[in-house]
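Please treat every number below as a calculation from the coordinates, not as lab data. Nothing here was measured: the structure is a model prediction, and the numbers come from that model. With ideal geometry, Cβ positions are generated from the backbone for all residues, glycine too; neighbour counts draw on all protein chains shown.
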Amino acid sequence: MTMDEDTKVLKDYLIFTVPHVTVLAGAILGVMMILGVPINVALGLFAVAYGIMLTILGLIIRPHVSGSALYRLMMAFFVGLIGIGIIILFYGG
């Protein structure tokens, strides 16, 4: 089974960029926890920031993989993460 070029580009993108964004978002969450920010606010801000960073990276790669169904699913998840973060911020307690 061989991958088409779009899938290869998307796989490389996921392997090489998402871990860096995850570490940055985790560091932001850690700083908020150390500063004593309430947990629902910290998790909401974490989800929004992480979703925004991933969405920006997804938009950068869009010209290369926009036809891929996996790309569309991935972008829906990233935007959903922003929505979940907003819900946690406003309705989290």
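Residue-normalised convex hull volume from the C-alpha trace of region 5-91: 70 Å³ per residue.
Would you mind counting up the charge near S68? Only other residues with Cβ under 12 Å from its Cβ, with Lys and Arg at +1 and Asp and Glu at -1. Computed value for this residue: +1.
When the charge dipole of the chain is built from unit charges on Cβ atoms (+1 for Lys and Arg, -1 for Asp and Glu) and taken about the Cα centre, the candidate among V9, F46, L24 whose Cα reaches farthest toward its positive end is F46.
Angle of helix 5-34 to the longest C-alpha principal axis of the chain, folded into 0 to 90 degrees and rounded to 10: 10°.
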